[in-house]
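The values are calculated or read from the model by the stated rules, or taken from the named source; none is laboratory data. No experiment lies behind these values; they were computed from the predicted model shown. With ideal geometry, Cβ positions are generated from the backbone for all residues, glycine too; neighbour counts draw on all protein chains shown.
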Amino acid sequence: MLALATSTNSNTSSAALLQSGSKPDPSAAKTSTTATTPGTQASADKVELSEHAKAMLAKAQADADAMADLKLTFDERLEKRSDALAEKLTKAFAYLNVNLDDSVRLKVDKFGNVTTEGPWKKKIEKLFADQPELAKELKAIAGLNALKAASTALDLYNKEKGETAGSKEQQAAWTKYNIRSINIQTLSEVMSLTDGKLRSAAVDYIEAVADPTGANASGADAAAKQREVSNRLA
């Protein structure tokens, strides 16, 4: 009804103008609607997130990544962290002109201090001193690898001890286990960067004990398996 009434009023006004002979005012045909230019529309569509919103999105992403990590095994999570640190160290060493053709041997103590030997000793040690987050992550990864090596040593003991408690076989297995545990503890602080990968001396040691011939070493062929065994002893 409202639309019809408006239309009727408009027609009546037009008829009155024609009868009076007056010219219609062009401004009367203008509406109050303001045209929107493309630039104005684009700026109206642009939304800026607040710092709080950005923080919430970052936390949501971090939580999603954490949930994804929960689905990984211990070895997979350790490999993921090791690969991430190895990539950072490879780039940092390359920037310092450290020769990566040979393995770079690193030792991280319980305080997180990283030492090394060779012609790039000062450069590498300064890098870790200047960037303590790298040293902290190296220490954490070394510790996780020591746990992995200790778990392998325990598995070996359970296989070697036999079923009879107190037997000579069990005593021999226990002696081996203790020696291996001491060696793992000694090597737990030693890591090396080899061919773009971080390697743990403790893990390499226990894998060499568990598989001295390299039958279970990773590699597509015999040559690759042999290189894997050689790298364990690097």
Does segment 59-66 include one or more residues that are of a type outside the set (S, T, N, Q), in contact (Cβ under 8 Å) with a residue 60 or more places away in the chain and under 30 Å from Thr152 (Cβ atoms)?
no
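Inspect segment 57-66 for any residue being of a type outside the set (Gly, Ala, Ser) and over 15 Å from the mean Cα position of the chain (by Cα) and give the result as yes or no.
Yes, the conditions are met somewhere in segment 57-66.
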Which of (1) of a type outside the set (S, T, N, Q); (2) surrounded by fewer than 14 Cβ atoms within 10 Å (Cβ to Cβ); (3) part of a helix (DSSP H, G or I); (4) over 23 Å from the mean Cα position of the chain (by Cα) is the odd one out, the single condition Tyr157 does not satisfy?
(2)
Collect the residues in segment 160-188 that are among the β-branched types (Val, Ile, Thr) and buried (at least 16 other Cβ atoms within 10 Å of the Cβ), keeping them in residue-number order.
Ile184
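Rundown of residues vs (1) more than 24 Å from Ile206 (Cβ to Cβ); (2) assigned to a strand (DSSP E or B); (3) at pLDDT below 95, yes/no style:
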| residue | (1), (2), (3) |
| --- | --- |
| Phe93 | yes, no, no |
| Leu100 | yes, no, yes |
| Thr152 | no, no, no |
| Glu169 | no, no, yes |
Looking at segment 189-202 only, could you name the residues that are surrounded by fewer than 23 Cβ atoms within 10 Å (Cβ to Cβ) and either out of contact with any helix residue (DSSP H, G or I) (no Cβ under 8 Å at 6 or more places or on another chain) or over 15 Å from Glu137 (Cα atoms) (or both)?
Thr194, Asp195, Gly196
Considering only residues of segment 98-117 that are touching an Asp or Glu at 6+ places or on another chain (Cβ under 7 Å) and among the hydroxyl-bearing types (Ser, Thr, Tyr), which is surrounded by the most Cβ atoms within 10 Å (Cβ to Cβ)?
Thr116
